[in-house]
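Engineer: Let me begin by handing over the structure; questions about it come next.
The values are calculated or read from the model by the stated rules, or taken from the named source; none is laboratory data. On a predicted model such as this, the values are computed, not experimentally measured, just so you know. Neighbour counts are summed over all protein chains in view; Cβ atoms, including those assigned to glycine, are modelled from backbone coordinates with ideal geometry. For accessibility, only protein heavy atoms count, side chains too; no ligands or nucleic acids. Shrake-Rupley method; radii C 1.70, N 1.55, O 1.52, S 1.80 Å.
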Amino acid sequence: MVTFDEDKQDKRVAELHLKEAEGLAQMLSTRYNLPYIDLTKVSLSTDALRLIAEDEAHLAAIAAFRLSGRNVDAAVLTPNNGKIADLVVDLNNKGFNVKLWLCSQNSLDRAWDRYAEIGRGLKADAGVIQISDEAIATYTAAFKTVEDVKKTLDEEIAKSLQVGGISTLLEVILSGALATSASDIHIEPEETAIRLRYRLDGVLHDICDIDNRLIRQITSRLKLVSGMKLNVQQAAQDGRFSIKVEGTEMEIRSSVIPGSYGESIVMRVLNPKSINVTFENLGVDDQLYKIFAREISRPNGMILLTGPTGSGKTTTLYSFLRKVNSSENKTITIEDPIEYHLEGINQTQVNRIKGYTFLSGLRAALRQDPDIIMVGEIRDSETAKIAVNASLTGHLVFSTLHTNNAAGAIPRLIDLGVSAKILTSALTLPIAQRLVRKLCEFCRGEGVPKPEEQFLIDNVIATIKKKKPDLVIPDTHKIWHPVGCEKCNKTGYKGRVGVFEAVIMDDAVAKVTIENPSEKEIKIAAIPQGILDMRQDGILKILNGITDLAELGRVVDLTGEFI
């Protein structure tokens, strides 16, 4: 008696159908001049798969299955699907090189099944992380303090160790940074854990420790979305990506450097709202505001901003540019990099690999018939000389320079080879600034200065009266100090404010400049201008309860000579 095995027959028929489908795919690959691939026999990369969203992959009948550096291999059912060309162009625009292969429907189904493994993750494409409005709304509602961020991160770290979900962990890290208004995110592998820190109001704060078993996954994920090379681990790399929050696109600048226990990652959050400080709201006193307004309205001259990284120079420069920009003039910037985009202004970015430096950019900008030029930074003699000459030939030039104070800009330019006589005609206003944290208005505590603090305050007030005899000075025997509450994340500070100083190139300063002056000589010559220096400006803000001595001393030298 013959026994008919129905299951065995069905299996054989299925195998024949698969074999037939693969044979058809091979035949079509020859017709379309594309290499054939059987995805059931190769290892599939989930990092590659993430480059194309699942719904788009189904519509285009495509699956990215391999990623090597910036090279992407993708399998298609037929190259005649019109959506494939759009996806390839999109990937090319993001810096990826795409190679197409032809495969069967069975191969695509196998690849698409892998989307379930990354379903919890961020919906990501090359260079863009889509964070849903709902997710951000949920997180920001929950994240009232840094402690809330820490608690949620602890939960996600545990989940990541058990079932994966690195993308969700990174979503929480990014959302926590946005909710707490962090400017930078630091992910630092150490011997026993990964240290996560946020920079809040210019100061780093520990958030939590992450299990160091996750460092490779975190690094690979961030490298992928930042457009870095995944296989390079012993060299520094820079990249960028965007996150969409409630319809607003924010750029994240990422940097990776090799370390003893893994690659250290820093992400700078470029929130457009953080530079929406108008010229009128810079926080300078009335006298200095009028000086700024007068000098930036000139048709020519050079205005320099000095200060270290993170001192607010970009915010101030952009407020100047927005104030002077109009349909009647042309403004060109040379930046490294372009941090924020300004409407109506021609912004260009330094690209040293292609030979576009501050120097070559400045030369090119002068051929574009500009009225206003912003050079991101004066670093060398030739750039300094060309910028000075531009200010003498009918252009208003904005730039930055590395000096400790406003007076120091003059000897620095002379050291760079700029003629002192020419400098007196070109330079109109060097400005120095720092950012200090503001005391939390909900919890600041009132007190009296210690004897050494009172000595400092009294001596600085004496120098202020030399410059501004009629200025009404607040009570010098009352100061405030940080306490800490939930509204300021227990730090005692909330927000930041600038302290400024400037030197006008008037006749007295010009006369000293020609004699190869020191910073002290310039400061003395500028005393009759009545402009407060950063220490004096800061002491007045302390007496008005805006900040405290410890915070001012963190960014401004309080021990110098009283002039």
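Engineer: What is the set of long-range amide H partners of HIS395 at a cut-off below 5 Å, with H atoms built 1.01 Å from backbone N?
Structural biologist: Amide H to amide H, under 5 Å and 5 or more residues apart or across chains, HIS395 pairs with GLY301.
Engineer: I've got another one for you. Can you give the helix-only mean residue ellipticity at 222 nm for the chain, where every DSSP H stretch with n ≥ 4 adds -39500 (n - 2.57) and the sum goes over all residues, rounded to the nearest 500 deg cm²/dmol? Walk me through the numbers before you get to the answer.
Structural biologist: Numbers: 20 runs with 220 residues, N = 563.
That comes out to -12000 deg cm²/dmol.
Engineer: How much accessible area does LYS466 have with a 1.4 Å probe, in Å² rounded to the nearest 10?
Structural biologist: Accessible surface of LYS466 is approximately 140 Å².
Engineer: Also, quick follow-up: Report, ordered by chain and residue number, the aspartates and glutamates lying within cross-link reach of LYS313, taken as a straight Cα distance under 14 Å and ignoring same-chain residues fewer than 8 apart.
Structural biologist: GLU335, ASP336, GLU339, GLU377, GLU501
Engineer: On the full set of protein chains, 1.4 Å probe, figure out the accessible area of MET267 and give it in Å² to the nearest 10.
Structural biologist: It works out to around 0 Å².
Engineer: I would also like to ask the following. Find the relative contact order for the stretch 258-340 and round it to a whole percent, using C-alpha pairs within less than 8 Å whose residues are 6+ positions apart.
Structural biologist: Details: 31 pairs, mean separation 32.5, N = 83.
Normalised by residue count, the contact order of the stretch 258-340 is 39 percent.
Engineer: Per residue of the stretch 355-365, in order, report the coupling 6.51 cos²θ - 1.76 cosθ + 1.60 (Karplus, θ = phi - 60°) as ³J(HN,Hα) in whole Hz, putting x for Gly and Pro.
Structural biologist: So the Karplus estimates, Gly and Pro as x, are x, 9, 9, 4, 5, 5, x, 5, 4, 5, 4 Hz.
Engineer: With unit charges on the beta carbon (Lys/Arg positive, Asp/Glu negative), name the residue among SER242, ASN271, THR348 whose Cα is farthest towards the positive pole of the charge dipole of the chain.
Structural biologist: The residue sitting farthest along the positive end of the dipole is THR348.
Engineer: Under a point-charge model restricted to the Cβ atoms of Lys and Arg (+1) and Asp and Glu (-1), what is the dipole moment magnitude of the chain relative to its Cα centre, in debye to the nearest 20? Intermediate results must be reported in sequence, preceding the final value.
Structural biologist: On the way: 68 positive and 75 negative charges, 211 e Å.
With Lys and Arg at +1 and Asp and Glu at -1, about 1020 debye.
Engineer: In degrees between 0 and 90, to the nearest 10, how far off the longest principal axis of the chain does helix 451-467 point, with axes built from Cα atoms?
Structural biologist: 70 degrees
Engineer: When the Cα centres of the stretch 352-425 and the stretch 445-519 are compared, how far apart do they sit, in Å?
Structural biologist: 30 Å
Engineer: Could you compute the net charge surrounding ASP369? Neighbours are other residues with a C-beta less than 15 Å from the C-beta of ASP369; K and R count +1, D and E count -1. Walk me through the numbers before you get to the answer.
Structural biologist: On the way: positive: LYS330, ARG363, ARG367; negative: GLU328, ASP371.
After counting each charged neighbour, the total is +1.
Engineer: Right, here's the next one. Tell me which aspartates and glutamates have Cα within less than 13 Å of LYS290's Cα, excluding those fewer than 8 residues away on the same chain?
Structural biologist: Straight-distance partners of LYS290: GLU280.
Engineer: Then there's this: What translational diffusion coefficient, to the nearest whole µm²/s, does the chain have by Stokes-Einstein, given a Kirkwood radius computed over alpha-carbon pairs, a temperature of 37 °C and 0.692 mPa s viscosity?
Structural biologist: Details: Rh = 27.4 Å.
Result for D is 120 µm²/s.
Engineer: Whole number in Å², please: accessible area per residue of the chain, 1.4 Å probe, ligands, DNA and RNA not counted. Don't skip to the end; give the middle numbers.
Structural biologist: Details: 27160 Å² over 563 residues.
In whole numbers, the chain has 48 Å² accessible per residue.
Engineer: Sort 542-552, 169-179, 472-482 for me by packing, meaning the mean count of neighbouring Cβ atoms within 10 Å per residue, highest on top.
Structural biologist: Values: 542-552: 20.3, 169-179: 22.4, 472-482: 14.2.
Sorting 542-552, 169-179, 472-482 by mean packing, highest first, produces 169-179, 542-552, 472-482.
Engineer: In the chain, if the dipole is taken from +1 on Lys/Arg beta carbons and -1 on Asp/Glu beta carbons about the Cα centre, which of ALA60, LEU28, ILE461 is farthest to the positive end?
Structural biologist: Farthest towards the positive pole: ILE461.
Engineer: Under 12 Å from the Cα of LYS159, which aspartates and glutamates turn up, not counting those fewer than eight places away in the same chain?
Structural biologist: By straight Cα distance, LYS159 reaches ASP211.
Engineer: Across the stretch 45-54, in residue order, what do the Karplus-derived ³J(HN,Hα) couplings come to in whole Hz, using 6.51 cos²θ - 1.76 cosθ + 1.60 with θ = phi - 60° and x for Gly and Pro?
Structural biologist: After applying 6.51 cos²θ - 1.76 cosθ + 1.60, I find 9, 5, 4, 5, 4, 5, 5, 10, 4, 4 Hz.
Engineer: In addition: Non-local amide H neighbours of GLY495 (under 5 Å, H modeled in plane, Pro and chain starts lacking H): which ones?
Structural biologist: Counting only residues 5 or more places away or on other chains, the set is LYS438.
Engineer: Related question: What FRET efficiency do you get for ASP154 and ARG70 if R0 is 35 Å and r is their Cβ-Cβ distance, rounded to the nearest 0.05?
Structural biologist: Numbers: r = 36 Å, r/R0 = 1.02.
Efficiency, rounded to the nearest 0.05: 0.45.
Engineer: Relative contact order for the chain: what is it in percent, counting Cα pairs under 8 Å that are at least 6 residues apart? Don't jump to the answer; show the numbers that get you there.
Structural biologist: Numbers: 995 pairs, mean separation 53.1, N = 563.
After rounding, I find 9 percent.
Engineer: Rounded to whole Hz and in sequence order, give me ³J(HN,Hα) for the stretch 488-500 from the Karplus expression 6.51 cos²θ - 1.76 cosθ + 1.60, θ = phi - 60°, writing x for Gly and Pro.
Structural biologist: Running phi through 6.51 cos²θ - 1.76 cosθ + 1.60 with θ = phi - 60° gives 10, 6, 6, 8, x, 10, 8, x, 9, 9, x, 10, 10 Hz.
Engineer: Also: Quick one: which residues, 5+ away or cross-chain, put their amide H under 5 Å from the amide H of ASP201? H built at 1.01 Å from N.
Structural biologist: The answer is SER183.
Engineer: May I ask which residue of SER226, ASN516, LEU288 lies farthest towards the positive end of the charge dipole of the chain, with charges of +1 (Lys, Arg) and -1 (Asp, Glu) on Cβ and the Cα centre as origin?
Structural biologist: Of the options given, the answer is ASN516.
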